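Working notes, beginning with the structure itself.
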Amino acid sequence: MIYDGNDLSPWLRCNPQRPILPPVENSAQEVPGRDGSRLVRSKLGALTIPVKVRLRARRGEDVAELRHMLAAMLRREEPAPLVLPDDPTRYHMAVLDGSSDLDRLWYTGSAELTFVAHDPIAYGQLHEAAMGSSATLHVAGTHPSAPVITARPGRSSRYRITL
């Protein structure tokens with residue numbers, strides 16, 4: 001698990017328990033003269049990501065010091081990139097939430113951390129592509145999103161980008 005750029009795998013073995021989709025919130029409106037209703041809007045709610053962790057302490061290591069170090073790496077006041085071992089090419093902007101069971105690491109060696117991604121969309125890695133005089137670029141993903149295109153003209157004094 002990598003959180004806010006800190007690789008925690010030397011100290012924690014992680015087992016994420018996340019759902020396939022965040023909660024879906026549908027809004028409907030009654031239509032006069034018709035049975036049922038009409039879907040007005042469908043949106044995704046905040047994604048809760050429970051992660052079961054097990055401490056990887058070596059013999060003779062100061063477990064109390066290790067717990068404090070991990071707590072400092074996990075506590076953030078703003079969402080930070082969370083990369084989980086079951087999907088290393090994507091990340092969620094998440095923050096640790098609720099009581100984290102870190103105190104239990106002292107006794108049992110295991111705990112459950114709960115992260116919340118208020119923006120429930122997983123982000124992929126940035127991609128760069130060199131374009132010739134004509135090229136097509138496909139943006140993959142499961143959520144409608146607009147790509148950010150940065151163009152640097154080469155030797156030509158003109159260029160055109162179309163959708």
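The values are calculated or read from the model by the stated rules, or taken from the named source; none is laboratory data. Not measured: the values here are computed from a predicted model. Glycine gets a Cβ as well: all are built from the backbone with ideal geometry, and neighbour counts include every protein chain shown. What goes into the accessible areas is simple: the full protein's heavy atoms, side chains included, and nothing from ligands, DNA or RNA. Shrake-Rupley method; radii C 1.70, N 1.55, O 1.52, S 1.80 Å.
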- Task: Being at pLDDT 85 or above, among the hydrophobic types (A, V, I, L, M, F, W, C) and open to solvent by less than 100 Å² (accessible area, probe 1.4 Å) narrows it down to one of 44, 55, so name that one.
- Result: 44
- Is it the case that the range 10-26 has a residue that's β-branched (Val, Ile, Thr), open to solvent by less than 60 Å² (accessible area, probe 1.4 Å) and more than 15 Å from residue 118 (Cα to Cα)? no
- Item | Candidate set from the range 30-41 (those that are free of Cβ contacts under 8 Å to residues at least 12 places away in the same chain and open to solvent by less than 100 Å² (accessible area, probe 1.4 Å)); member that is farthest from residue 80 (Cα to Cα) | 33
- Failed item in (1) open to solvent by 80 Å² or more (accessible area, probe 1.4 Å); (2) in contact (Cβ under 8 Å) with a residue 12 or more places away in the chain; (3) outside any strand (DSSP E or B); (4) under 24 Å from residue 109 (Cβ atoms), with residue 67 passing the rest: (1)
- Message: Out of the strands (runs of 3 or more DSSP E) lying entirely within the range 78-132, which hold 2 or more residues that are aliphatic (A, V, I, L, M) and modelled with pLDDT under 90?
- Response: none
- Check every one of the strands (runs of 3 or more DSSP E) wholly within the range 1-61 and list those with 2 or more residues that are within 28 Å of residue 73 (Cβ to Cβ). 12-16, 47-55
